[in-house]
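Where a number appears in this text, it was derived from the coordinates with a stated rule and is not lab data. Remember, predicted model here, so these are calculated numbers, not experimental data. Please note: Cβ atoms are built from the backbone with ideal geometry, for glycine as well, and neighbour counts cover all protein chains shown.
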Amino acid sequence: MKYMGSKARFAKDLLPIILKDRKSNQVYLEPFAGGMNMTDKVDGIRIANDQHEELMAMWQALIYDGWDPPQSISEEEYRYIKYNQE
């Protein structure tokens, strides 16, 4: 997922530094999950978190609830969702 703040461009360089002292079966904790550009490249037990509640709800729905998101939405639908977040 591309967005401002994404770690996708430098995940391959950053992960070796972060994981260099990781022990076998040690949990990987990602406090800034965002687009999961780091988490998806780590093996084993992973825990992802992010301050953006709606983003984490989306990942929860995708990964655990089987949500199949629409392939596209109209500008009208986008604006409705943006201004009616309940």
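Descriptive notes on the structure:
- The charge dipole of segment 10-55, taken about the Cα centre with unit charges on the Cβ atoms of Lys, Arg (+1) and Asp, Glu (-1), comes to about 340 debye, rounded to the nearest 20.
- Pairs of Lys in segment 8-83 closer than 28 Å at Cα, counting only those 8 or more apart or on different chains: 5
- Cα-based reach from K7 at 14 Å (exclusive), listing aspartates and glutamates while leaving out same-chain residues under 8 positions away: E30, D40, D50
- Based on alpha-carbon atoms, the Kirkwood radius and the radius of gyration of the chain give Rg/Rh equal to 1.04.
- Charge dipole magnitude, Cβ of K and R +1, D and E -1 - the chain, Cα centre, debye nearest 20: 660
- The chain: angle of helix 53-63 to the longest principal axis, Cα-based, in degrees nearest 10: 80
- Options P69, I81, I18, ranked by Cα towards positive dipole end of the chain, top entry (Cβ charges): I18
- Close amide H contacts of Y28 (hydrogens built in the peptide plane, cut-off under 5 Å, sequence separation of 5 or more or a different chain): I45, R46, I47.
- The modelled label-to-label distance for the pair I45/R9, using points 7 Å beyond Cα in the direction of Cβ, is 3.5 nm.
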